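One structure is given here, and the rest of the page talks about it.
The values are calculated or read from the model by the stated rules, or taken from the named source; none is laboratory data. From a predicted model like this one, the values you see are computed outputs, not experimental measurements. Heads up, the Cβs are rebuilt from the backbone with ideal geometry, glycines too, and the neighbour counts pull from every protein chain shown.
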Amino acid sequence: MDPEQIKKEVISILESDINFEGHFDIVVSNMNDNLVRSMIEWIKSCKSGTEPISTSKKFRNLIVFFFKPNDTLFRAILTKENNAYFITLFLDKHKYYDRERRRLGFD
């Protein structure tokens, strides 16, 4: 998949310019089409408010969404400022995903 195309689609869905963190380009390039579609549907669900939310103990103004597909090495974290815009889509392997979760205050 083309990372730039996916970024444009995500920005279009969320209707805001967000940061793409982790090894986003490399990970998206290595994802199969079904996994990319699954992530896009998850982002749409986050936008519509149907995905479960988590709140950070460390950053009280953040709403956090976690994407953990079953049979993959990749994980994603989408952050949103409470009652405001989406901020960041973090996409990476387990090791970096766990590090980012801890940084956000999730153990």
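Count, please, the residues in the stretch 43-82 that happen to be closer than 18 Å to Asp17 by Cβ and surrounded by fewer than 16 Cβ atoms within 10 Å (Cβ to Cβ).
Going through the stretch 43-82 one residue at a time, the tally reaches 2.
Give me the pairs: first residue in the stretch 93-107 and touching a residue at least 60 places away in the same chain (Cβ under 8 Å), second residue of a type in the set (Gly, Ala, Ser), beta-carbon distance under 8 Å, and six or more apart or on different chains, which are they?
Tyr96/Gly22; Tyr97/Gly22; Tyr97/Ala76; Glu100/Gly22
Looking at Glu15 and the list (1) on the phi < 0 side of the Ramachandran plot; (2) surrounded by fewer than 16 Cβ atoms within 10 Å (Cβ to Cβ), which single condition is not satisfied?
For Glu15, the failing item is (1).
In this structure, does Met39 turn out to be buried (at least 16 other Cβ atoms within 10 Å of the Cβ), closer than 17 Å to Leu91 by Cα and modelled with pLDDT under 95?
Spelling it out, it is not the case that Met39 is buried (at least 16 other Cβ atoms within 10 Å of the Cβ), closer than 17 Å to Leu91 by Cα and modelled with pLDDT under 95.
Considering the stretch 75-107 alone, what residues qualify as being within 17 Å of Lys7 (Cα to Cα) and of a type in the set (Phe, Trp, Tyr)?
Of everything in the stretch 75-107, those that are within 17 Å of Lys7 (Cα to Cα) and of a type in the set (Phe, Trp, Tyr) turn out to be Tyr85, Phe86, Phe90.
I need the strands (runs of 3 or more DSSP E) fully contained in the stretch 4-107, keeping only those with at least 1 residues that are in contact with a strand residue (DSSP E or B) (Cβ under 9 Å, 6 or more places away or on another chain) and hydroxyl-bearing (Ser, Thr, Tyr).
Output list reads 74-81, 86-93.
State which residue pairs qualify: first residue closer than 13 Å to Phe74 by Cβ and in contact (Cβ under 8 Å) with a residue 60 or more places away in the chain and inside the stretch 21-44, second residue assigned to a helix (DSSP H, G or I) and aliphatic (A, V, I, L, M) in any location, beta carbons under 6 Å apart, and separation of 6 or more residues or different chains.
Val28/Ile6
If I filter the stretch 45-61 for residues that are at negative phi, modelled with pLDDT of 95 or more and aromatic (Phe, Trp, Tyr), do I get at least one hit?
Among the residues of the stretch 45-61, not one is at negative phi, modelled with pLDDT of 95 or more and aromatic (Phe, Trp, Tyr), which makes the answer no.
I'd like the full set of residues that are more than 17 Å from Val36 (Cα to Cα), buried (at least 17 other Cβ atoms within 10 Å of the Cβ) and of a type in the set (Asp, Glu), limited to the stretch 83-107.
Of everything in the stretch 83-107, just one residue is more than 17 Å from Val36 (Cα to Cα), buried (at least 17 other Cβ atoms within 10 Å of the Cβ) and of a type in the set (Asp, Glu), namely Glu100.
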